[in-house]
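Notes to accompany the following structure.
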Amino acid sequence: AQSVTQLDSQVPVFEEAPVELRCNYSSSVSVYLFWYVQYPNQGLQLLLKYLSGSTLVKGINGFEAEFNKSQTSFHLRKPSVHISDTAEYFCACLKREGAQKLVFGQGTRLTINP
Amino acid sequence: NAGVTQTPKFQVLKTGQSMTLQCAQDMNHEYMSWYRQDPGMGLRLIHYSVGAGITDQGEVPNGYNVSRSTTEDFPLRLLSAAPSQTSVYFCASSYHQGTEAFFGQGTRLTVV
């Protein structure tokens with residue numbers, strides 16, 4: 001079975017500072033990887049995904065993530081954050097074959113301070 | 001565009017009551033699933049379906065039933081509500097393996 005670990009439960013940063021949200025996964029088979037964002041009192045929205053090809057993927061709102069197979073990581077980055085980026089961020093993985101079971105990490109709450 | 005619609009948005013139940021959380025999607029997606037979200041635990045899969053008439057258990061299926069009689073609808077039934085089922089429930093759908101999952105707005109359930 002696959003699992004996802006988000007290494008930080010909370011990340012406070014100042015506005016316009018860079019941020020990195022860390023995600024490690026564990027799986028015996030190849031996986032797809034995703035980052036979702038959840039704004040307060042809303043559902044989840046896809047930020048970006050890695051399916052194949054270039055290991056650096058770009059998403060919405062200026063976010064990007066890098067797939068590192070050797071370190072089994074998929075860290076999310078943004079060079080300059082805004083107040084509007086305050087939200088909870090979830091990393092998730094999905095096996096390439098077999099049952100459609102999206103497995104989520106515990107979430108990282110990103111707080112942007114002015 | 002409606003996307004994934006969940007009803008109700010909020011619900012309070014007494015221990016032992018039963019109820020059905022509704023989920024409907026208008027994107028003709030084959031895959032649908034139910035998650036519960038609890039603080040510090042991310043989202044955990046309850047049940048999922050790969051098409052009409054086909055369902056399977058996820059990580060935390062106990063106390064919940066599902067059925068998938070149509071492509072559009074995937075209701076989640078709580079048979080006898082318990083306080084441990086107090087949570088936020090999300091329904092999601094996707095076209096096929098590896099594609100984006102679209103989520104509903106969630107149902108906040110409190111069992112007293």
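For the reader, a short list of remarks on this structure follows.
- The residue of region A:37-49 that is nearest to B:Y89 (Cα to Cα), among those that are more than 8 Å from every other protein chain (Cβ to nearest Cβ) and within 12 Å of the chain's Cα centre (by Cα), is A:Q38.
- Residue count for region A:96-107, restricted to those that are crowded, with 20+ Cβ neighbours inside 10 Å and either more than 10 Å from every other protein chain (Cβ to nearest Cβ) or over 21 Å from A:E66 (Cβ atoms) (or both): 1
- Number of the exception - B:T99 against (1) at pLDDT 95 or above; (2) out of contact with any helix residue (DSSP H, G or I) (no Cβ under 7 Å at 6 or more places or on another chain); (3) more than 8 Å from chain A (Cβ to nearest Cβ): (1)
- Only residues that are among the aliphatic types (A, V, I, L, M), assigned to a strand (DSSP E or B) and more than 11 Å from the chain's Cα centre (by Cα) were counted across region B:89-112, and they come to 2.
- Just so you know, in region A:8-30 the residues that are at pLDDT below 95 and more than 13 Å from every other protein chain (Cβ to nearest Cβ) include one that is surrounded by the most Cβ atoms within 10 Å (Cβ to Cβ), and it is A:S27.
- If you check B:T55, B:T86, B:T71 for being surrounded by 14 or more Cβ atoms within 10 Å (Cβ to Cβ), in contact (Cβ under 8 Å) with a residue 24 or more places away in the chain, farther than 22 Å from A:V37 by Cα and under 14 Å from the mean Cα position of the chain (by Cα), only one passes: B:T86.
- Failed criterion for B:T71 (all others in (1) at the interface with another protein chain (Cβ under 10 Å from one of its Cβ atoms); (2) closer than 25 Å to A:R96 by Cβ hold): (1)
- Some residue of region B:33-48 being assigned to a loop (DSSP other than H, G, I, E, B), free of Cβ contacts under 8 Å to residues at least 24 places away in the same chain and under 26 Å from B:G98 (Cβ atoms): yes
The values are calculated or read from the model by the stated rules, or taken from the named source; none is laboratory data. The shown structure was predicted, so the numbers you read here are calculated from the model rather than taken from an experiment. Positions of Cβ are generated from backbone atoms using ideal geometry, with glycine treated the same way; all protein chains shown enter the neighbour counts.
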